[in-house]
Amino acid sequence: MRARAYDRLAAALSLLLLLGLTAGTYYLAQISMRETGAMRPAAAAGEPDYFVDDAVFTRINAQGAPVFRMSAQRMLHFPEDLSTVYQRPVLVSLDPDKPRVNLRADRGRSTADGEETVLDGDVVMVRAASAEEPQMTIRTESVTIFSETEIARTALPVRIERGDSVLTGVGMEFNNAARSLRVDSRVHLTWQPPQQSR
């Protein structure tokens, strides 16, 4: 009889402990669900959600061929508009059928889809010399790059050095795909004839 009473008491205590554990777990789960939003740290407005030092990436076209390579001392991503900011960006065209173009600036910012990149501060673009044309260097303070069309535009003053000739003006569109250059206004050209080889 005593053994039976002891078994009943042990079973009752086990049941009470199990019910208490279940109730405690449920209570903690409810608190956790209510306070998840308050406990989760969120990036402050205007703060990046991640960054990468010494970033390098290559953009490819629809056929899988590399179009250009971009590197930067630091890349920062912003969650508000999904834009990306670059410190000391350098872009290099990779199309083997066209003269190589190198583009550098103090800073840059790309849209979420990467289709448009604005480069600011001491922007220098150098198109390598080819058999038909001398090296060309373009200097300005800001330029917008449209990656799909390979077009660079600015509304600011530009200085263009092509061989020994120098052209200055305000506003420019450089189309690397079509290999064309347009300067919009206040154009001033100092032209030097190409050196004749003897």
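Can you pull out the residues in the stretch 172-198 that are open to solvent by 90 Å² or more (accessible area, probe 1.4 Å) and modelled with pLDDT of 85 or more?
Residues satisfying the conditions are Arg182, Arg186, His188, Leu189.
Which residues, taken from the stretch 101-148, are farther than 27 Å from Glu80 by Cα and open to solvent by 20 Å² or more (accessible area, probe 1.4 Å)?
Hits for the stretch 101-148 are Asn102, Asp122, Val126, Ala128, Ala129, Ser130, Ala131, Glu132, Glu133, Pro134, Gln135, Arg139.
Taking the stretch 50-90 only, how many residues are open to solvent by 80 Å² or more (accessible area, probe 1.4 Å), assigned to a loop (DSSP other than H, G, I, E, B) and on the phi < 0 side of the Ramachandran plot?
Number satisfying all stated conditions: 4.
If you take the residues of the stretch 149-171 that are in a loop (DSSP other than H, G, I, E, B) and more than 26 Å from Ala62 (Cα to Cα), which of them is least open to solvent (accessible area, probe 1.4 Å)? Please lay out each step first, then the result.
Step one: list which residues in the stretch 149-171 are in a loop (DSSP other than H, G, I, E, B), which gives 149-150, 163-164.
Narrowing further to those that are more than 26 Å from Ala62 (Cα to Cα): 163-164.
On the way: Gly163: 42, Asp164: 104 Å².
Among those that are in a loop (DSSP other than H, G, I, E, B) and more than 26 Å from Ala62 (Cα to Cα), it is Gly163.
Answer yes if at least one residue in the stretch 114-128 is closer than 26 Å to Arg59 by Cα and over 23 Å from the mean Cα position of the chain (by Cα), and no otherwise. Spell out how you get there, then give the answer.
Narrowing the stretch 114-128 to residues closer than 26 Å to Arg59 by Cα: 114-128.
From what is left, the residues that are over 23 Å from the mean Cα position of the chain (by Cα) are 128.
Scanning the stretch 114-128, I find at least one residue that is closer than 26 Å to Arg59 by Cα and over 23 Å from the mean Cα position of the chain (by Cα), so the answer is yes.
The values are calculated or read from the model by the stated rules, or taken from the named source; none is laboratory data. If you're wondering where the values come from, they're calculated on a predicted model, not measured in any experiment. Protein only, heavy atoms only, side chains kept; ligands, DNA and RNA dropped before computing areas. Shrake-Rupley method; radii C 1.70, N 1.55, O 1.52, S 1.80 Å.
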